[in-house]
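Shown next, in structure tokens, is the structure this report addresses.
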Amino acid sequence: AAAAIHRTLTETEGAVERSRVLFAYVDIKLAAGDIEDARAAVAELGEIAAAFDSPLLRAMVGYAHGSVLLADGDPAAACVALRRAWVAWHELEAPYEAARVRLQMARACSQLGDHDTAEMELDAARSVFEKLAGEEREHLSTLETRYKELLSEDPDLESRPTFLFFKGAANGLF
């Protein structure tokens, strides 16, 4: 993954496009243990965010910066950056991203010995993930019900070329 994201970043032009790749780049580089590359990516992402003054970009930078600080052994500073990131994601009404921040906050608080807050952050993140998973299960159930309705209306549906194309795409064949 590290080689693929590095290649993708090298090929990506334009600030908006690079910001998307840089955000993922930081996570992947940290997972690979490359804190310096992740830090450089956060710096570039920060420059882009400053140029555009976008709440989304500020939230991305806050999470990425906090993650780098945490990986670099500075959980206190990470908490400050991550708390700002959580507020930003919360204001953007992005529950999944806000919950990811809370996971990092839990790690930082745990490293600081604040196990009560770490547990609170972990519980809050888990609650959001469970809620989102429930919504996805409900959505999938609705789609499956509608699919069965369509099949009952047209038993030959699955043999049509358009259906076969979409079925192949959904199964990762394309």
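Data for the structure
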item	result
In order through segment 91-103: 3J(HN,Hα) via Karplus (6.51 cos²θ - 1.76 cosθ + 1.60), integer Hz, x for Gly, Pro	5, 7, 6, 10, x, 4, 5, 4, 5, 4, 4, 4, 4
Between 0 and 90°, nearest 10: helix 2-11 axis offset from the chain longest Cα axis	90 degrees
Cα-centre dipole for segment 9-93 with unit charges at Cβ (Lys and Arg positive, Asp and Glu negative), debye to 20	260 debye
Formal net charge of residues neighbouring residue 14 (Cβ-Cβ distance under 15 Å; K, R +1; D, E -1)	-3
Potential lengthening between residue 1 and residue 31 on full extension [0.36 nm per residue; Cα-Cα distance subtracted]	9.8 nm
Choice from 117, 12, 145 with maximal GNM fluctuation in the chain (Cα, 10 Å cutoff)	145
Cut-off 14 Å between beta-carbons: net charge of the residues surrounding residue 34, Lys and Arg +1, Asp and Glu -1	-2
Global form of segment 1-158, assessed from the alpha-carbon gyration tensor, a/c cut-off 1.5	oblate
Surface accessible to a 1.4 Å probe, per residue, for the residues of segment 1-101, Å²	51 Å²
Sulfur and carbon atoms: percent of accessible area, segment 81-141 [1.4 Å]	53 percent
For segment 1-45: rounded, prolate or oblate by the Cα gyration tensor [a/c cutoff 1.5]	oblate
Helix-only [θ]222 nm of the chain, DSSP H runs n ≥ 4, -39500 (n - 2.57) each, per residue, nearest 500	-28000 deg cm²/dmol
Neighbourhood net charge (13 Å Cβ-Cβ; Lys/Arg +1, Asp/Glu -1) for residue 144	0
Calculated FRET value between residue 139 and residue 77, using beta carbons and R₀ = 35 Å, to 0.05	0.35
Amide N of segment 15-31 lying under 15 Å from the label point, which is placed 7 angstrom from the Cα of residue 56 along Cα→Cβ	15-24
By accessible area with a 1.4 Å probe, ligands and nucleic acids excluded, highest first: order of 16, 21, 26	16, 21, 26
In order through segment 23-34: 3J(HN,Hα) via Karplus (6.51 cos²θ - 1.76 cosθ + 1.60), integer Hz, x for Gly, Pro	4, 5, 4, 4, 4, 5, 5, 5, 5, 7, x, 9
Residue of 74, 154, 123 that the Gaussian network model of the chain assigns the largest fluctuation, springs spanning Cα pairs under 10 Å	154
Net dipole in debye of the chain [+1 Lys, Arg Cβ; -1 Asp, Glu Cβ; about Cα centre; nearest 20]	160 debye
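The values are calculated or read from the model by the stated rules, or taken from the named source; none is laboratory data. All figures in this text were calculated on a predicted structure; none of them were measured in a lab. In this analysis, Cβ positions are derived from the backbone assuming ideal geometry, glycine residues included, and neighbour counts consider all displayed protein chains. Ligands, DNA and RNA are stripped out before the accessible areas are found, and what is left, the full protein with its side chains, is counted by its heavy atoms. Shrake-Rupley method; radii C 1.70, N 1.55, O 1.52, S 1.80 Å.
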